[in-house]
Each structure stands twice: as C-alpha cells, then as structure tokens.
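First the structure, in the form of structure tokens, and then the observations on it.
Please treat every number below as a calculation from the coordinates, not as lab data. None of these values were measured; they are calculated from a predicted model. When we count neighbours, we look across all protein chains shown, and the Cβ atoms used for this are built from the backbone with ideal geometry, even at glycine.
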Amino acid sequence: MIKLVFLIKNHPTNLHIITNKKGKHMITQSPLDTALTQLCDEKGLPKETIIGTIEACLAAAYRKEYGHPREIVRAKLKGDSLDLSKVQMFQIFKVVEDEDFTDENNQIKLTDAKKKKKKIKVDDEIEKSLPHQENFGRIAAQTAKQVIIQRLQEAERDVLYNEFKDKEHKLINGVVQQIEGRNIIINLGKINGVMPPTEQIPSERYFIGQRLRIFVEKVEETNRGPRILISRSKPEFIKELFSLEVPEIAGETVKIDAISREPGSRTKMAVSTDQESLDPVGSCVGQRGIRVQAVLAEIGDEKIDIILYDKDSDQFIKNALSPAKIEKIKLDKKNKQAKVYVSDDQLSLAIGKSGQNVRLASKLTGWGIDIEKYEEKKKLDKKTKDKQDVHDDKKDDKKSSEKKEIKTKAKKESK
C-alpha cells in the first residue's frame, strides 16, 4: 500500500513508452497500474474499490496542501483511467437555509444556490471545480498514505465479512494454526476463526497442523475486522455432514426433521420423506453403512441413532426411545408431558446410561418424558380392582340383609 502511495505521487500517467535494444518503441503499463492490479489480486478487492480509495487519498492530499481543514474536497478519475494528470478536483458545498448558514468552507445559502440551480433544495450538494495541482509536499503525501492504508483496510475487512457471512451456518475446511489456552485458532485461508471450549467435542484432542471440517456458527463485525466463531459441537454440524454424504438430503428428497446431540457421546436424528418408495433411514445409513460411517469417521467415537420421524406424537416418542420397546404411552398435551411405560427388562435401555437416552429423546421430540415400569402399573390396577370387588361385596351383603329385614317385617304385619 505504501508503494502505491509513492507511485501516485511520482507517476502521473498510466502508460509508459520505452525503447528496446533494437530502437523500437514499446508501450508498457505504468508501475501504478501494475501495483493496482497486484493489490486487487492480493487482497481480493474489486478495482472500483481501489480507484475509490485513490480518489479519497488524492482529495485528502489536495485539501492538506491547498485547502482548508473544514473544506470537503472530492477527486474524480475519468472512468477506470489511472491518468492522474487528468484528475478533477471539486469542493463540495451543502445547501442550507439562509438562517442556518454557519461555515463558508462547506455550506452555501439556499438563495445563493438557487442562482446557480433553480430547482435545488436544502441538503442538496453543489460542486465547485478546483484548479489542477501536480506538486504535493511531504506532509500531503503522508496524509495520502494514511488515508489509503485506512481505506484499504476497511475495504478488505468488508470483503472478508461479506465472504464469510455467506458461509455462516455452513461447513468449511480449516487447519489448526494455534492453541491459545483452551481456545483453538483455525486458519480459514484469508482469516482466522476461533473455536472456544464450548464449541469443541470434549473427547477430541487438537494439534497444530491438523485439518478439520468445521461449522461456521457466527460471523460478527468488529473494529478489528470480522470475528468468526466456529464449532464442532453443534447439532447442525452433524446435519451438515449428512448433507455432504447423503445426496437425498442435499436434494431435499429426505428431510432431517429434528436432531439432538451430546457432543462426543451420542446423537439422535429424525428423518422423513414424502416419497413412499424411499426409505429415509436406509438412505442415511447407506449400503453396508458406508454413508453413516463416513460421518462417524469425522466425529470419532460418537454414536448416531437415526430414527423415522412421525407427525403422531405418540409414535414419534416411541421411535425416539429406540432401541427400547415401549408398552404404553400417556400424553398430557396441555403440559406437553409424556408418561412412558416399559417392561422391567427394557427399563435401563429406555433410560440409557446416566439418563442419556431419555434425555436425548426428550430434546428430539420436544416432550418431557417420564419412564415407568409397566408391571407396577398392572399391580396397581389389580389392587384397585380388588378393593372395588370388596366394596361391591359389602354393598351386596348390605342389600341382601336389608331385603331379609323387609321380608321378616312383612310376615309379622300379615300375622
């Protein structure tokens, strides 16, 4: 960038004529044009952005050398030409009401402005052409240098932000560049991303130079440039991995309806399809498990349960608790709570290690799930029935005794 400023000051034209050894004249590109092209390639900036930056630095240098600090000076290059000998300089005046006029360096009264343009109104701008100057001092050149460095840095930050904003919530590749405490710094090419401890898979160990697939969780704009937060622990990371490995998901014939995850340990994923001839679970697993194995290779020892999504909450909860077999479900739709009854031999399987299976099923379905033994329910029903039978027997005995008393009384009265 410093080189570009030097060239702006010392090379006013964009074409040079040189003579080779045979005495023939040749037209070559100027060092300014060469530096401009090189800068565009290195920084990935459009040529229009660089030209706008050059105009800004020329205007700053002109104002520093020949103008007033409060003046608004604007430079204009003709088209895409870098012929600085033909650059046009203008002083800009903002149109204000006559009573609001305070500064003759950057303001003009509405009555004076209407003498030049009849249809002009308040807040419009008027340009005044300034004389062309070619000689700039050291201070003006230094000002131009500072402006161009600042503008190019801002432009580069904007380009990077827009580029990675488009990649937000997508998978990209990166290389571990640095480990700062518990944070992992990932080289993404033109910029680095940060993977904090909460976004890491707990069982994974990272080392410098390691190549990883990562999920772009968030892209934030800061004063120092874009800040990219990346993750390998989000459920969406698994979802995007399956999108890469399963063409049916990428083609939207198979849909991932819900997913719950405990990173490094286990994931549950519910899938569905509108095509009757297509098996959504089989599509994700692949022939001999090749597709799901490709996903597992990326996440290590983590297990993945792929289940069939169902619009019926009862059936969906049954599927979510697989591989456990469910005997009965009672749904409290008002509180979105489900009581699930399982046999004694299926109880530990339904709950899972440290409650993991039921916890993941609850996250997957969005229902609170309580697991109970089905045998206990049977015993409870039997006790209730026995009590009811005893109560009925007492009732019958009472009725029969009452009938006997009535008959005895009737006989006495007849005698």
Ordering of 113-120, 225-232 by burial proxy (mean other Cβ atoms within 10 Å per residue, highest first) = 225-232, 113-120
So for the pair LYS339, SER265, with labels modelled 7 Å out along Cα→Cβ, what separation do we get in nm?
-> 2.8
Counting only DSSP beta bridges with both residues in segment 229-331, what percent are antiparallel, rounded to the nearest 5?
-> 55
Violations at 27 Å Cα threshold for listed pairs LYS170/LYS190; LYS268/LYS336; LYS170/LYS339; LYS115/LYS145; LYS47/LYS118 -> LYS170/LYS339; LYS115/LYS145; LYS47/LYS118
Between segment 235-291 and segment 301-348, the Cα center-to-center distance that results, in Å | 19
Rg to Rh for segment 167-231: what is it, with Cα atoms only and Rh by Kirkwood?
-> 0.93
20 Å Cα-Cα reach of LYS86 towards aspartates and glutamates, excluding residues that sit fewer than 8 places from it in its own chain = ASP33, GLU48, GLU55, GLU65, GLU127, GLU134
Sequence-distant residues sharing a close amide H with ARG266 (under 5 Å, placed H) = LYS303
Report the net charge of residues surrounding GLN356, where surrounding means a beta-carbon distance below 13 angstrom and charges are Lys +1, Arg +1, Asp -1, Glu -1.
-> +4
Against the 2.2 N^0.38 Å rule of thumb, the C-alpha Rg of segment 290-367 sits at a ratio of 1.20
